[in-house]
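Asks: After the structure tokens below, expect a handful of questions from me.
The values are calculated or read from the model by the stated rules, or taken from the named source; none is laboratory data. Bear in mind the structure is a predicted one, so any value in this text is a computation, not a measurement. Note that we place each Cβ from the backbone using ideal geometry, even for glycine, and neighbour counts take in every protein chain shown.
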């Protein structure tokens, strides 16, 4: 989803100014590079750090791959192209199997899902998470946060449960926010089956 579309959905103007109160703000040059990365990623979501570095070189930015990789990771962007899994799961976080392959999602509250992304603003960026009903594509709950922790993901989940009942299955990726005991524990407390995409497999869809 493009940044413009995300801002439209959340009611945030792209010209909004954001200042992070606890530091960690990127330099103006890095913010400009992140803007270019975001725009190119919108059209080419299969680009990894190597291809993105080459694109930035063509735009006149002499930047190494390590820096591009760091900025993409900070933005929550990764190539959707299938690739070997090289990272290990958090030793304290259980990863659940993908339950949706071959399932016909035929009614509301059958499957909910959640994802986390970032929204670039003039002076920095914030994180957006949302819970959506897979069948209707209706956004049940959403929230914006300065930090990418599990607490605001749990808050969005709890709000959706209070307002819309509960699903049979809840699907996420394997991000640490979703594998945390706080998030999975909330699902278990409501007797909801937990489903997770295969690691780095953006094509896991029912």
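Asks: I'd like the full set of residues that are in a helix (DSSP H, G or I) and without any contact (Cβ under 8 Å) to a residue 60 or more places away in the chain, limited to the range 164-184. I'd like the intermediate steps shown before the answer.
Replies: Of the range 164-184, the ones in a helix (DSSP H, G or I) are 164, 176-179, 181-184.
Correct list: 164, 182, 183.
Asks: For the range 26-78, list the helices (runs of 4 or more DSSP H) that sit wholly inside it and hold at least 2 residues that are within 22 Å of residue 173 (Cα to Cα); which are they?
Replies: Of the helices (runs of 4 or more DSSP H) lying wholly inside the range 26-78, those with at least 2 residues that are within 22 Å of residue 173 (Cα to Cα) span 28-43, 65-75.
Asks: Output the residue which, of all residues in the range 150-159 that are touching a strand residue (DSSP E or B) at 6+ places or on another chain (Cβ under 9 Å) and over 16 Å from residue 193 (Cα atoms), is surrounded by the most Cβ atoms within 10 Å (Cβ to Cβ).
Replies: So, considering only residues that are touching a strand residue (DSSP E or B) at 6+ places or on another chain (Cβ under 9 Å) and over 16 Å from residue 193 (Cα atoms), the one surrounded by the most Cβ atoms within 10 Å (Cβ to Cβ) is 153.
Asks: Which one of 187, 161, 128 is part of a strand (DSSP E or B) and touching a helix residue (DSSP H, G or I) at 6+ places or on another chain (Cβ under 9 Å)?
Replies: Every option except 128 fails the conditions.
Asks: From (1) buried (at least 20 other Cβ atoms within 10 Å of the Cβ); (2) over 15 Å from residue 186 (Cα atoms), pick out the condition that doesn't hold for residue 121.
Replies: Among (1) buried (at least 20 other Cβ atoms within 10 Å of the Cβ); (2) over 15 Å from residue 186 (Cα atoms), residue 121 violates only (1).
Asks: Among the residues of the range 167-190, is there at least one that is farther than 16 Å from residue 151 by Cβ, within 15 Å of the chain's Cα centre (by Cα) and at pLDDT 95 or above?
Replies: yes
Asks: Continuing with the same structure: Kindly provide the set of residues from the range 191-206 that are part of a loop (DSSP other than H, G, I, E, B) and either touching a strand residue (DSSP E or B) at 6+ places or on another chain (Cβ under 6 Å) or modelled with pLDDT of 95 or more (or both), ordered by number.
Replies: The first filter runs over the range 191-206 and keeps only residues part of a loop (DSSP other than H, G, I, E, B), leaving 191-192, 197-206.
Once the filter is applied, which keeps residues that are part of a loop (DSSP other than H, G, I, E, B) and either touching a strand residue (DSSP E or B) at 6+ places or on another chain (Cβ under 6 Å) or modelled with pLDDT of 95 or more (or both), the range 191-206 yields 191, 192.
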